[in-house]
Every structure is written in structure tokens, then in C-alpha cells.
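Just below is one structure, and these are the notes that go with it.
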Amino acid sequence: MDLTSLTIPELRRKLSTGAARPREVVDQLAARIAAVDPKLKAYLHLDAEKARAAADSADTTLPLGGVPIAIKDVINVQGDPCTCASKILQGYVAPYDATVITKLREAGAVLFGRTNMDEFAMGSSTENSSWGATRNPWDLDRIPGGSSGGSAAAVGGHEAFAALGTDTGGSIRQPAALCSCVGVKPTYGRVSRYGLVAFASSLDQIGAFTRTVEESALLLEIIAGHDPRDNTSIDRPVPKYTQSLGQGVKGLKLGVPKEYFIEGIDPEIEKSVRAAIDEYRSQGAEIVEVSLPHTKYAVAVYYIIATAECSANLARFDGVRYGKRAQHPKDILDMYGRTRAEGFGAEVKRRIILGTYVLSSGYYDAYYNRAQKVRQMIAEDFRLAFEQCDALLTPTSPTAAFRLGERTQDPLQMYLADIFTIAVNLAGICGVSIPCGFTSGKLPIGLQIIGPKWGEETMFRVAHAFEQATPWHKEKPPI
Ligand code: GLN
């Protein structure tokens, strides 16, 4: 019996009735990884023995009892490496569990493997990993998206049932779209960031990759909630997201923002997303056109705010406390300088330099302050749009997966990969990408469903209604 392609609820039924044992699940997953990961390179680290031991003691009566979950290499799991795919953290071992990890453990999950990513989560293709790029399970010559490309490729490539990732400007939703997964970015403050290595603290959220909407709803139910150790996490009850599924979309108003169907979007993507909108109409949703007039500023604003925050957050990697330290320094400045010069990759350096610049005296008002004001206007666009509708429907990414190397020499082209996802982070609201079709070259296409702050229940309900009526999530990659 092949267990690796089961959904989590299917797997849970087998485990809780004793039809399968948690150790068998780990064994099968490890065998699948041994067979395909040399090609996909989704995992950076896997301690199968440790996972087996955890599986043997798993309580199969718990909601995730015995279910292996892969973790992006930016979230601390005590005793595991946590490199953020950066040379500067080579050899670093996490001294404690992130809150999401504690919650997964309490739910009975088996922590399983560390997934590849763009260095410090900066990128859209996973090519910025210091340990080599991950491939797309649908086409090995193409990127899986990023920055959580390892998590997306692992779930899309059936090397994991589910994985955690992080989304600062699209890093869960965009790779989910490119690898035919469900990927959810919760409302800012919904999930604790304690134990997540910070990139841009006002934008970062942890979320899940799964193969179905129900599984994403289940995982969010488990990892969400207030945490006194993250003072941006909000004290609000966590709804039972899985119970809001199955209600259909009749009577809901779904908004289509006109600014999201722009020049440059691949016509095949537009066609699939328009077909998805028609599907919702035929299910009884009312479709309304809405406008988000400040959308055109989102990428620029993001690359000011995210770089400013990263320049501050990454100051701690100076050779003193964490990871790598340059050898035989002349003096302390030489030690700081060479540690960072040797430890960080090109994109991380570019961001630190940009961020330092926009925060520097004389430029702070012109760039950083102004970007904060425009960020408020972007958030206000969404607030007004949600007065007219319950959720928004957009493409997740303007193109399907591109070829490895195609955009590495052109950072601006790379930045445009997140043009449809970034505004959601700036506004602090929630979004999910679900499979909605394939290009003629059989590359996955994602539909993004955006909800207002704390609108996850409706967002999942809308996502589920489409999934149940369409075959896309059932397709398996050729690998
Ligand atoms: N691709 C965007 C960036 O490079 C978003 C990354 C993310 O969400 N972590 O910053």
C-alpha cells in the first residue's frame, strides 16, 4: 500500500485504526525521498532515524498523530540544523523550538526534514540557496518558485504530506501555485513568529503547504493562536477552520480587482483564472469588479520596507553569536566585515545595502517614511474593497514556473514574480493559492483567494468550493 499520496485525513484514518503504523509512513516517505530527491533537491537535511523514533512514540489519537511534517529551514526545531540556506549559519543547530513547532508536537506530528529555500527567504525561485537550487516536480528544468521552494516541491512532488513555509511577500503562495499545492498566508498576527528567523518582521507570517484545502485549514487550526512570546501575535480565538468548509459560495460576493489583469500576465494564466471566476459564478456566487488603485506601487513599497527591516534584522549575523566567523581577523571590524562578506550571498547583500540606504539620514523621509504612507493607502484599498465583497479572486503569479537561470541576472524581473502576492503582506490580510489548471506545457497555475483581516474562514470556504468542483488538485507530477 502506497501511503505517500494519501491526504492527511486519509492517512489519519489508517493510523488511528492501526491499518498503518507511523514508522511505516516515515519509511515510505524516506524511500520516496531517496528515489526522487536527488533530482528535486527539496530537502537540505533529513534525520530519518530521529523521525522513526518520533514515529514510534507518536500518539495516534491526536489530530496529527504520526503525520510527518517538513519544515522550511528558517524555523527553529530544537536539535536540528537551521541554516536559512545561508553559509553564515552553516553548522548552526537550533537551541529551542519555535512556537509553531511546539504546537505541531502537541498535535502529535512527526517533525520531518528541513526544506530548501532562498537564502534568508529572499527570492522567488529558490536559486538563491547557498546549497543549490530546488527543481520543480512538474519540470526539472524549471524553478519551484520561492522562497519556500523546497517545501512546495516536497509537497507537490509527494515527498511530504505537508510542510511549513513562510510568506513575507508571496513565498508560500507563489511556490504553491508553481508546484500545484495549496499554500496559505495567514493574517498578520494569526501565527506566532517566535522561533522564526526574521527577514522583514512587519510582513513575515508562517503558513502551510498541503495538497488539499481541508489539510491547510487543519494545519492552520493547529499552528494559529496567541503567543505571549511574540508581541505582534493577536489574542483572538482560533476558529475551527475545517468546519467552515462545505458550505459552498451561494450568496457570497467575490471581487475581481481590475488591476490584477495587467499587461505581462501570461494569457494561459489569465484564461484559467477567468474560467475559475466563471465556475464560482455558476456555483451561485455574485462576481463584482473592484478596484485597488494603489496596486501599482506595491512592489516598490515592498522593496523599501522589506529591505529596511532586513538590514536591521540581519545585523545580528556578525560572527559574534551565531554561525560562521571569519578566520584570523586583524581586528574586530575586519572580523565583522569579512564574516558578512564571506557568509552572505549576493541577493542578501543587495538587500542589506538597499535597506541601509533607505534608512540612512537624508533618505529616510524620501524613501522609508513615504513607503510607510503608501503602505497605508494599499491597506485602505483592501478595506474599501471588502466593503463590497467577501473575498477577492486573482491570479497568484503572472507566469508559470520559469527555467532555472532565466531571471538570475535580472533582479527586477525576479521581483515581479510577486506582483500579485506582495500587497496582501503589506496590508496584513490573508491569502491562499489553490491549483486552478495547467498551461499547454503542463505547468501548474494557481488561483489566489484573498480574505480580509481574520477572514480565513471565508477564504477557506471559497477555496474548498472550487477544489471540490474541479480536478486540478488530483493531478500527479511526472516525477
Ligand atoms: N520574493 C519576495 C522576496 O524576494 C518574497 C519573499 C518572501 O515572501 N519571503 O522578498
TODO: Considering (1) out of contact with any Lys or Arg (no Cβ under 9 Å at 6 or more places or on another chain); (2) closer than 28 Å to residue 8 by Cβ; (3) within 14 Å of the ligand (Cβ to nearest atom), say which one residue 116 fails and leave the rest.
DONE: (1)
Open item on the list: Of the residues 232, 242, 187, only one is outside any strand (DSSP E or B), modelled with pLDDT of 95 or more, touching a Cys at 6+ places or on another chain (Cβ under 9 Å) and more than 12 Å from the ligand (Cβ to nearest atom); which?
Closed with: 187
TODO: Within the stretch 130-155, track down each residue that is open to solvent by less than 10 Å² (accessible area, probe 1.4 Å) and either more than 15 Å from the ligand (Cβ to nearest atom) or aliphatic (A, V, I, L, M) (or both).
DONE: 136, 137, 143, 152, 153, 154, 155
- [ ] Note down all Cβ pairs under 8 Å where the first residue falls in the stretch 30-47 and is closer than 16 Å to residue 3 by Cα, the second is open to solvent by 30 Å² or more (accessible area, probe 1.4 Å) and modelled with pLDDT of 95 or more, and they're at least six residues apart or on different chains.
- [x] 30/46; 33/46
Open item on the list: When you scan the stretch 81-95, do you find a residue that is within 16 Å of the ligand (Cβ to nearest atom) and in a helix (DSSP H, G or I), even just one?
Closed with: no
Open item on the list: Tell me yes or no: at least one residue of the stretch 414-425 is more than 19 Å from the chain's Cα centre (by Cα) and open to solvent by 10 Å² or more (accessible area, probe 1.4 Å).
Closed with: no
- [ ] Output the number of residues of the stretch 1-54 satisfying the condition of being farther than 30 Å from residue 141 by Cβ, open to solvent by 70 Å² or more (accessible area, probe 1.4 Å), of a type outside the set (S, T, N, Q) and in a loop (DSSP other than H, G, I, E, B).
- [x] 2
Open item on the list: Being acidic (Asp, Glu), touching a residue at least 60 places away in the same chain (Cβ under 8 Å) and open to solvent by less than 10 Å² (accessible area, probe 1.4 Å) is the requirement here; does residue 127 meet it?
Closed with: no
TODO: Could you tell me whether any residue of the stretch 287-297 is surrounded by fewer than 21 Cβ atoms within 10 Å (Cβ to Cβ), within 16 Å of the ligand (Cβ to nearest atom) and not hydroxyl-bearing (Ser, Thr, Tyr)?
DONE: no
- [ ] Please work out which residue is least open to solvent (accessible area, probe 1.4 Å), limiting yourself to the stretch 341-362 and to residues that are free of Cβ contacts under 8 Å to residues at least 24 places away in the same chain and not in a helix (DSSP H, G or I).
- [x] 360
Open item on the list: With the requirement that a residue be over 17 Å from residue 200 (Cα atoms) and of a type in the set (Asp, Glu), what does the stretch 309-347 give you?
Closed with: 318, 331, 334, 342
- [ ] Could you please find all residues in the stretch 312-340 being without any contact (Cβ under 8 Å) to a residue 40 or more places away in the chain, outside any loop (DSSP other than H, G, I, E, B) and either basic (Lys, Arg) or closer than 19 Å to residue 120 by Cα (or both)?
- [x] 315, 316, 336, 337, 338
Task: Options 108, 123, 113, 132: the member that is at positive phi and in contact with a strand residue (DSSP E or B) (Cβ under 8 Å, 6 or more places away or on another chain) - done: 113
- [ ] Could you tell me whether residue 270 is surrounded by fewer than 18 Cβ atoms within 10 Å (Cβ to Cβ), in a helix (DSSP H, G or I) and under 23 Å from the mean Cα position of the chain (by Cα)?
- [x] yes
Open item on the list: Against the condition in contact with a helix residue (DSSP H, G or I) (Cβ under 6 Å, 6 or more places away or on another chain) and surrounded by 13 or more Cβ atoms within 10 Å (Cβ to Cβ), how does residue 337 come out, does it pass?
Closed with: no
Task: Filter pass, residue 102 being in a loop (DSSP other than H, G, I, E, B) and either out of contact with any Leu (no Cβ under 9 Å at 6 or more places or on another chain) or not charged (D, E, K, R) (or both) - done: no
Task: Residues that are of a type in the set (Phe, Trp, Tyr) and open to solvent by 10 Å² or more (accessible area, probe 1.4 Å), drawn from the stretch 443-479 - done: 454, 472
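The values are calculated or read from the model by the stated rules, or taken from the named source; none is laboratory data. Keep in mind the model is a prediction, meaning the values are calculated, not measured. Heads up, the Cβs are rebuilt from the backbone with ideal geometry, glycines too, and the neighbour counts pull from every protein chain shown. Surface accessibility is based on the protein's heavy atoms, side chains included, excluding ligands, DNA and RNA. Shrake-Rupley method; radii C 1.70, N 1.55, O 1.52, S 1.80 Å.
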